[in-house]
Amino acid sequence: FYPRKNTNFKILSKKKHKLEDFNQDFNCLSTIWFETFTGRLNPVHRYTFRDRLSQRYEKDLPGIDIFVCTADPSIEPPIMVINTVLSVMAYDYPQEKLSVYLSDDGGSNLTFYALLEASRFSKIWLPFCKKFKIEPRSPEAYFRTAIEPLDDPLKAREWHSIKKSYEEMKMLIETTTKLRQIPKAVRKEHKGFREWDFVTSQRDHQTILQILIDGRDPKAVDVEGQPLPTLVYLSREKRPQYHHNFKAGAMNALIRTSSRISNSPLILNVDCDMYSNNSESIRDALCFFMDDCQGHSIAYVQFPQRFDNLTKNDVYASCLLVTCGVEIEGFDGNGGPLYIGTGCFHRREALCGEKYNRDCKVDWKSVNYQGKVEGSASVLEETCKVLASCTYEEDTEWGKEMGLKYGCPVEDVITGLCIQCRGWRSILFNPERKGFLGVAPTTLLQSLVQHKRWAEGHLQIFLSKYSTLWYGHGRIPLKLQLSYLPYSLWAANCWPTLYYAAIPSLCLLRGISLFPKISSPWILPFVYAIFANSLYSLGEFLWCGGTVQGWWNDQRMWLFKRTTSYLFGFIDTILNQLGLAKSAFAITEKKVDEEVTHRYEKELMEFGSPSPMLNIIATIALLNKISFVGGIRRVIIVDEQKKVFDQFAWQILLCGVLVYINMPVYQGAFFRKDNGRMPTLTTYRSILCALLACAIAVL
């Protein structure tokens with residue numbers, strides 16, 4: 001609830017003033033509740049029947065182009081990247097109809113070397129996956145969880161052989177990555193390494209395109225003589241004088257390049273850390289695209305973003321349990337989920353800007369596979385380089401009406417919205433066995449920076465011509481417009497949260513009451529709203545599969561994100577709108593050392609390096625600690641007739657809740673001695689800021 005405008009209480013009509021304040025609070029909270037409720041009004045959970053798909057279309061299955069994007073080998077280790085590549089190469093799908101493209105925006109020969117090793121390892125890995133029907137098909141994830149098959153000597157022998165081969169490959173890649181230098185003997189093994197003789201830097205180099213496995217080549221087979229998927233490495237051209245548009249630019253380069261090499265009608269894009277956890281995901285998606293009744297209207301099928309390194313109680317609330325389990329399913333019922341940038345199957349024509357035409361239906365049985373194009377691999381490599389050049393998009397609609405949109409930190413969301421506004425539908429598929437699993441942030445700052453980018457991007461969309469309120473008007477259903485609103489206003493929520501995290505505490509020190517007395521009947525709406533909301537939130541979290549401690553961690557991260565990530569996202573968006581700053585794309589680091597991983601598994605919060613975000617978190621925590629102690633002192637020492645408690649009970653309770661929720665902050669600042677503690681400089685600064693705020697409050 002928002003506090004009263006007049007906190008002096010010396011007014012002529014207290015009853016009238018309280019009624020006006022309650023109405024203002026009620027109207028504001030009703031608006032927030034209505035937006036949230038609309039998004040959950042019509043949840044849809046879908047099931048597929050893959051056996052029926054196989055019966056009707058097994059011989060007519062379409063080609064699939066799979067895009068894997070990476071940007072920097074120093075924060076996205078090559079061994080992690082190739083595990084994702086190998087997992088999507090091993091889908092339970094006709095191999096000759098799969099084409100896998102790796103976009104390396106870092107232009108690193110280390111990533112190319114890792115992919116080259118993966119192409120060799122795939123010759124034994126893919127037959128092993130299909131022979132024993134293993135899940136998941138990421139080697140790292142599989143061998144980390146699989147149990148040695150002792151009951152079958154033949155399988156055990158092959159299992160050990162494959163595991164040994166993988167560990168040898170992993171050691172070679174990690175050693176080379178650590179040394180940051182490709183051995184001369186290895187460089188002579190493939191002509192692709194010569195490309196780096198002309199590379200000036202990561203941001204200044206020519207297009208590097210190498211077809212490592214040509215699926216059209218009869219010799220491109222595994223150890224059992226079965227065809228291998230096409231495998232392509234692409235590092236688009238970059239020059240200092242041209243803006244490369246981050247991931248959106250990389251995706252658009254892949255769309256154009258793949259249209260010349262394989263030109264499959266469907267595209268799957270995944271981030272480099274999101275390995276395939278279900279070998280049947282392609283067939284699941286095709287059940288929607290190839291549906292006779294509604295398949296022709298579907299632009300993309302989105303799988304939820306899930307993670308495989310979460311702790312039991314999800315200390316950083318990374319799993320977005322309620323968002324993926326409730327809210328996005330509500331999106332689906334209201335017209336279709338938003339595109340979240342990974343784990344998504346696209347119809348190529350919709351992604352390239354085509355408008356939906358209800359009269360245009362695809363007859364999958366009459367569509368010829370478009371993967372076999374003329375020309376050798378070397379010819380294709382040369383002819384396709386221009387499609388990934390810096391100048392190709394000049395005076396074209398790429399980044400505007402074609403491909404992914406440019407100019408926004410959440411290019412995926414705005415792209416999905418524009419696709420929906422062109423008449424297409426989208427589908428959410430949330431199977432029991434998750435389709436994709438990624439790497440969640442393992443430090444507090446990683447999580448906060450990620451959410452800052454999301455909040456900033458959503459607010460930019462809201463303030464741009466692509467806001468759902470006006471751009472979506474008449475193009476998408478009203479209920480879908482309203483479903484987008486809570487996300488669009490994430491960043492704006494920083495201000496009421498900051499207000500309630502700081503002002504009641506300062507007013508408690510000052511002796512100013514902000515809430516009705518306990519003895520007043522006006523306390524009942526506050527009691528109902530607080531407890532009903534908390535119990536509903538807890539019940540919903542538990543229903544989605546969470547724990548009580550996980551819910552409490554979620555509440556803590558809710559506070560941290562709103563007072564830091566959303567605040568900085570809001571400020572950066574306003575500066576961007578005024579032309580005083582430019583948007584940047586922050587990549588979440590996936591490389592973590594062993595100490596950090598050990599603390600993360602013990603669910604110890606990792607504060608790490610000094611940051612303005614940590615300054616705010618620690619200052620608010622200390623401010624509430626001081627105010628809580630001051631409030632308790634006032635009740636014990638001064639309150640003879642219990643008037644103080646009657647007047648300030650709710651403010652003391654609010655401070656107490658904030659103190660309890662910030663316990664990891666106090667531990668990190670004053671009690672922990674490990675490297676993950678709160679930086680000493682941050683602690684000193686926060687103490688100074690908190691004491692200064694308290695001193696000003698009591699003056």
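The values are calculated or read from the model by the stated rules, or taken from the named source; none is laboratory data. All of these numbers come straight from a predicted model, not from anything done at the bench. Counting neighbours? That spans all protein chains shown, and the Cβs are built from the backbone with ideal geometry, glycine included. Keep in mind that these areas ignore ligands, DNA and RNA; they rest on the heavy atoms of the full protein, side chains included. Shrake-Rupley method; radii C 1.70, N 1.55, O 1.52, S 1.80 Å.
Odds and ends about this structure:
- Of all residues in the range 548-562, those that are of a type outside the set (Phe, Trp, Tyr) have Cβ atoms under 6 Å from Cβ atoms of residues that are buried (at least 16 other Cβ atoms within 10 Å of the Cβ) and part of a helix (DSSP H, G or I), 6 or more apart or on another chain, in 556/661; 561/451; 562/493; 562/494; 562/497.
- Here residue 462 passes the criteria (1) under 12 Å from residue 417 (Cβ atoms); (2) not in a helix (DSSP H, G or I) except the one numbered (2).
- Filter result (of a type in the set (S, T, N, Q) and surrounded by fewer than 17 Cβ atoms within 10 Å (Cβ to Cβ)) within the range 170-190: 175, 181
- Test result for residue 209, open to solvent by less than 40 Å² (accessible area, probe 1.4 Å), under 35 Å from the mean Cα position of the chain (by Cα) and more than 17 Å from residue 121 (Cβ to Cβ): yes
- Filter result for residue 133 (assigned by the TED database to the domain that holds residue 255 and at positive phi): yes
- Every residue from the range 191-205 that is more than 30 Å from the chain's Cα centre (by Cα) and surrounded by 13 or more Cβ atoms within 10 Å (Cβ to Cβ): 192, 193, 195, 196, 199
- The sole residue among 11, 75, 64 that is open to solvent by 10 Å² or more (accessible area, probe 1.4 Å), of a type in the set (Val, Ile, Thr) and either within 28 Å of residue 132 (Cβ to Cβ) or modelled with pLDDT of 75 or more (or both) is 75.
- Any hit, the range 93-106, residues being among the β-branched types (Val, Ile, Thr), open to solvent by 60 Å² or more (accessible area, probe 1.4 Å) and within 22 Å of residue 278 (Cβ to Cβ): no
- Selected residue [open to solvent by less than 10 Å² (accessible area, probe 1.4 Å), among the aliphatic types (A, V, I, L, M), under 24 Å from residue 45 (Cβ atoms) and part of a strand (DSSP E or B)] from 299, 285: 299
Residues are listed down the side, and each one gets a yes or a no for (1) open to solvent by 50 Å² or more (accessible area, probe 1.4 Å); (2) outside any helix (DSSP H, G or I); (3) at pLDDT below 90:
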position	(1), (2), (3)
560	no, no, no
564	no, no, no
574	yes, no, no
582	yes, yes, yes
591	yes, yes, yes
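- Of the residues making up the range 630-687, just one is among the hydroxyl-bearing types (Ser, Thr, Tyr) and in contact with a Pro (Cβ under 8 Å, 6 or more places away or on another chain), namely 682.
- Identity of the residue in the range 641-675, of a type in the set (Lys, Arg) and over 27 Å from residue 558 (Cβ atoms), that ends up surrounded by the fewest Cβ atoms within 10 Å (Cβ to Cβ): 673
- Reported count of residues in the range 212-244, each being within 30 Å of residue 97 (Cβ to Cβ) and surrounded by 17 or more Cβ atoms within 10 Å (Cβ to Cβ), is 18.
- Of all the numbered requirements in (1) more than 30 Å from residue 464 (Cβ to Cβ); (2) touching a Phe, Trp or Tyr at 6+ places or on another chain (Cβ under 7 Å); (3) open to solvent by 30 Å² or more (accessible area, probe 1.4 Å), residue 543 misses one, and that requirement is (2).
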